[in-house]
1. Per residue of segment 20-31, in order, report the coupling 6.51 cos²θ - 1.76 cosθ + 1.60 (Karplus, θ = phi - 60°) as ³J(HN,Hα) in whole Hz, putting x for Gly and Pro.
2. Quick one: which of 25-31, 3-9 comes out on top by average Cβ neighbours within 10 Å, and what's the full order, highest first?
3. For LEU55, which sequence-distant residues (separation of 5 or more, or a different chain) have an amide H within less than 5 Å of its own amide H, given hydrogens modelled in the peptide plane?
4. Quick one: what are the phi-derived ³J(HN,Hα) couplings along segment 78-88, Karplus 6.51/-1.76/1.60 with θ = phi - 60°, whole Hz, x for glycine and proline?
Amino acid sequence: MTVTLFNMEELQQALCKMFADKNRPTALFVHDDHLAAQVIVTLQNMQIQAPKECLHRCSWDTLDYNQVFIPRITTMRINTSLIGTLAGK
């Protein structure tokens, strides 16, 4: 699924459609931490417990990790400097 960043209405519509299916997902891989936080809030509004009913994994650690998120977001730390150097070569 693809949604416009920062468009919570579009995200909610897409997740409602996805989770209405009888074979709904049990895990999501989300583009970055910010979007993962939006997904968690949207799922909670839909009465879907994260991570109990749907696990989240994401890349591009974009959030301030001093902030508390419940549940915690599992993320991958990406060495963006190395990626930029390799892309430049």
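1. 7, 5, 5, 9, 5, x, 9, 8, 10, 9, 10, 3
2. Top of the packing list down: 25-31, 3-9.
3. ALA27, LEU28
4. With the stated coefficients, segment 78-88 comes to 10, 7, 5, 5, 5, 4, x, 5, 5, 5, x Hz.
FYI, it's all coordinate maths here, none of it is from the lab. What you see is a predicted model; the values in this text were computed from it and never measured. Cβ: placed from backbone, ideal geometry, glycine included. Neighbour counts: every protein chain shown.
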